[in-house]
Amino acid sequence: MGLLWAIISWIIIGGIIGLIARAVMPGKQAMGLGLTIVLGVIGAIVGGFIGGLLGGNGVSGILDNPWSIGTILLAVVGALIVMFIYGLVTKNRA
């Protein structure tokens, strides 16, 4: 049951983080809910790496306590970075 709960938590957190990042990011992001969740999860991982570089627990901190305010803020920063890069990559596609 632990692995199932972890997967469900990552999907929920990814959705929340992705939606927050989309609300903060200026402009229109043409993506569905599935892509928002995926980018939110990837953003959480990127935020974990950033936290690790700044002396925090890194990705293991996200795995240990995904619902803390610091983790969520780092995940939003990571998701914003991922969405910015995604926007640059898909900018010229019609």
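The values are calculated or read from the model by the stated rules, or taken from the named source; none is laboratory data. This one's a predicted model, so the numbers in the text were calculated from it and none came from an experiment. A quick note on method: Cβ atoms are made from the backbone with ideal geometry, for glycine too, and the neighbour counts reach across all protein chains shown. Keep in mind that these areas ignore ligands, DNA and RNA; they rest on the heavy atoms of the full protein, side chains included. Shrake-Rupley method; radii C 1.70, N 1.55, O 1.52, S 1.80 Å.
Taking the range 27-53 only, how many residues are open to solvent by 70 Å² or more (accessible area, probe 1.4 Å) and either within 8 Å of the chain's Cα centre (by Cα) or among the β-branched types (V, I, T) (or both)? Can you show your working first?
Restricting attention to the range 27-53, the residues satisfying the condition of being open to solvent by 70 Å² or more (accessible area, probe 1.4 Å) are 28, 30, 33, 38, 42, 49, 53.
Retained after the next criterion (residues that are either within 8 Å of the chain's Cα centre (by Cα) or among the β-branched types (V, I, T) (or both)): 38, 42.
Counting residues in the range 27-53 that are open to solvent by 70 Å² or more (accessible area, probe 1.4 Å) and either within 8 Å of the chain's Cα centre (by Cα) or among the β-branched types (V, I, T) (or both) gives 2.
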### Task
Test A79 against the stated conditions and say whether it is part of a helix (DSSP H, G or I), open to solvent by less than 60 Å² (accessible area, probe 1.4 Å), modelled with pLDDT of 75 or more and in contact with a Lys or Arg (Cβ under 9 Å, 6 or more places away or on another chain).
yes
### Query
Do you know which of the residues in the range 5-26 that are under 19 Å from G87 (Cβ atoms) and surrounded by fewer than 14 Cβ atoms within 10 Å (Cβ to Cβ) is modelled with the lowest pLDDT?
P26
